[in-house]
1. For chain A, with only Lys/Arg (+1) and Asp/Glu (-1) charged at the beta-carbon, what is the dipole magnitude about the Cα centre, in debye rounded to 20?
2. Quick one: work out the % antiparallel among DSSP beta bridges in chain B, nearest 5.
3. Can you pull the accessible area of B:GLU253 for me, 1.4 Å probe, Å² to the nearest 10?
4. Suppose accessible area is computed on protein heavy atoms with a 1.4 Å probe; arrange B:ARG245, A:ARG3, A:ARG187 from highest to lowest.
5. When the C-alpha atoms of the protein assembly as shown are aligned to their principal axes, what extent does each axis show, in angstrom, from largest down?
6. Would you tell me the mean number of C-beta atoms belonging to other protein chains that fall within 10 Å of each C-beta in B:256-264, as a whole number?
7. 7 Å along Cα→Cβ for the label point: how many nanometres lie between A:GLN333 and each equivalent label in the other copies, listed shortest first?
8. Suppose you put the label 7 Å out from Cα in the Cβ direction; list, shortest first and in nm with one decimal, how far A:GLY48 is from each other copy's label.
There are 2 protein chains.
Amino acid sequence: MGRVLIIGAGGVGTVVAHKVAQNADVFTDIMIASRTKEKCDKIVEAIGNPNIKTAKVDADNVEELVALFNDFKPEMVINVALPYQDLTIMEACLKAGVNYLDTANYEPKDEAHFEYSWQWAYHDRFKEAGLTAILGCGFDPGVSGIYTAYAAKHYFDEIQYLDIVDCNAGNHHKAFATNFNPEINIREITQNGRYYENGKWVTTGPLEIHKDLTYPNIGPRDSYLLYHEELESLVKHYPTIKRARFWMTFGQEYLTHLRVIQNIGMARIDEVDYNGMKIVPLQFLKAVLPNPQDLGENYEGETSIGCRIRGLKDGKERTYYVYNNCSHQEAYQETGMQGVSYTTGVPAMIGAMMFFKGEWNRPGVNNVEEFNPDPFMEQLNKQGLPWHEEFDKDLEL
Amino acid sequence: MGRVLIIGAGGVGTVVAHKVAQNADVFTDIMIASRTKEKCDKIVEAIGNPNIKTAKVDADNVEELVALFNDFKPEMVINVALPYQDLTIMEACLKAGVNYLDTANYEPKDEAHFEYSWQWAYHDRFKEAGLTAILGCGFDPGVSGIYTAYAAKHYFDEIQYLDIVDCNAGNHHKAFATNFNPEINIREITQNGRYYENGKWVTTGPLEIHKDLTYPNIGPRDSYLLYHEELESLVKHYPTIKRARFWMTFGQEYLTHLRVIQNIGMARIDEVDYNGMKIVPLQFLKAVLPNPQDLGENYEGETSIGCRIRGLKDGKERTYYVYNNCSHQEAYQETGMQGVSYTTGVPAMIGAMMFFKGEWNRPGVNNVEEFNPDPFMEQLNKQGLPWHEEFDKDLEL
């Protein structure tokens, strides 16, 4: 039915490859490409399906990407490389006539901020080319937008308050490690907080606002208000929203480590001179920290990510909480990766499945909430990320 | 009267150069050499004495050192380069017939431990060559040993308990910085604690033992038992000692930063591979942290370092506390460097002065407590590190 090319062989790429391979009725021809072909070969070996092809590609290099696309001729690229590389891959898709999906929006390498404008600017070119681009189809962004679209479609006339709540209550038994690319993780957390209220964006200091929120099967966890990219598209697509926020849990030890990493200059993203070499401290730190892909084996506990929504239905106020809990150890048993990679990779596969099944096929650049959420929600239950609903409970928010 | 060559142009080297230049009656010909000649030239410019010569030398390279020694023909080398370089400089001194003084004992680059055995092994060669080597002539080691020798000479028949107490109550107004070469600083603190008791060395975990000690003009400060190199020579030279310990103050924030630096792998002293380059994390960290030499300008507060001694005189128990308090800002006003560099550099100059005046001239390798402490103690009062005595007070130890 469909030829798919996965770019990126990290933790998320490994999960996407496993899930794509599990759905052979939809994904008939599969290739994994990354800067290091050996990493792709290792994934194929772990999956045990020798029909999956692998290739080496430099995702910063449009010409190299185009050559690979023209060679393998995928219908869709699933981009799970680094967010710095979104634009080169989108350019290559336009040149080679390939549809596009990613899980995190473009970010320039030398600045720490997340916004959609760079990628939204590609809308007309994708539309004219008759190509579908699906942006931000991991868990958050991704499932968080689909949950919102599902709530809007079935339960609300008007969504007024939206809080996306992301808890990782896992324990990897390391003194310190980040759960995905530490470079992206640290950038995300050290930037200012930001939320949307009454038509305006309100900026806070980094991690300035926090409160205890209670997560299902986990309990209360200190949760910090962060800016997260899906807020930008959700308030655009749901203009009745009065307030939209994003919360993520962090332990005190984790925050202490981050604070020190900044104090000592190791979170810097500019180059420093070291014995005549130009080195970005945060990139060097990444080389010294545990590889997030190696955390899975001893990872215990679970994640819990969901949307807490308040709004109007038939003129009456109601609340709705939809969430998924994901066990790190179950994720590891299935794919060799922990829950944070799993919850990002599974939705990327489902997004591509939606495209190949013709459910999500709309030339142009699209955020996930612009599509019909129902078939996606159905697949979440089948593909390892079942969701649960609670109505008219106290949202704590 | 004397030709002296200073090797090292860091914070301590800067202080040594200032103090040597201030004592032109003793030091008639002065050269400063380091890997970077520009750093030496800047020191000469700050001192404002164009007669001081400068040179470039790689202190790891014995042949280069010998060539420089044969050219400038110093009578003594003051080694304030890195402790890794003690042995190459000692070798060069033997080859070129130059006397030697340093402030910190040799340490191999790839292991973190401090002991005298490497340098003591040079005793016979220096003795046969008729050359004097003076080891560990900073403050601690250095003045700590001279204080002990002075106490033994004047106040005790038998020193039984010795506690060297080192407090830095300064504030440099940086989130985190080390007061001297951070590489040495971190190595020193992350190693096991060790003290001497009843003829045996007792090992503790790193920073395992700590207590509040009260410092003059400062007050109580949490003080940690560390191993420090002068303990090794002092228990050898004062065999009546029953217990010898070394204590240093650290704030909680400082320790938190050190703990995180270790947890994230940045205290590692082995090479890691980074994009094909071999880099030692701790050395890279040093390049990112504030330069200890740049801390002086805004450094407030003072240091207090001394010896607390208990023992017998005429059959009766007595206690003795001898110490110096040094103001960071006064040190900076005089030399452009903070108190930690100042308290190390001034004794190095005085040690060289003792040699040139014929007070400390004994072929072989010597620790400072083996010489007559009286003329050195006299100079401490004249050269900016006045000392104070307290008798028969509660030592808290």
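The values are calculated or read from the model by the stated rules, or taken from the named source; none is laboratory data. Predicted model, so just to flag it, every value in this text is computed and none were measured. All Cβ positions, glycine included, derive from the backbone under ideal geometry; neighbour counts span all protein chains shown. For the accessible areas, the whole protein counts, side chains as well, though only heavy atoms, and no ligand, DNA or RNA atoms are used. Shrake-Rupley method; radii C 1.70, N 1.55, O 1.52, S 1.80 Å.
1. Values: 37 positive and 56 negative charges, 31 e Å.
That gives chain A a dipole magnitude of about 160 debye.
2. Details: 47 of 78 bridges.
Of all bridge pairs located within chain B, approximately 60 percent are antiparallel.
3. Its accessible surface works out to 90 Å², give or take rounding.
4. Details: B:ARG245 30, A:ARG3 70, A:ARG187 5 Å².
Solvent-accessible surface, decreasing: A:ARG3, B:ARG245, A:ARG187.
5. Ordered largest first, the protein assembly as shown gives principal extents of 97, 54, 47 Å.
6. Details: counts 5, 6, 1, 4, 12, 5, 2, 9, 13.
Counting Cβ atoms of other protein chains within 10 Å of each residue's Cβ and averaging gives 6.
7. Shortest to longest, the spacings are 7.2 nm.
8. 8.2
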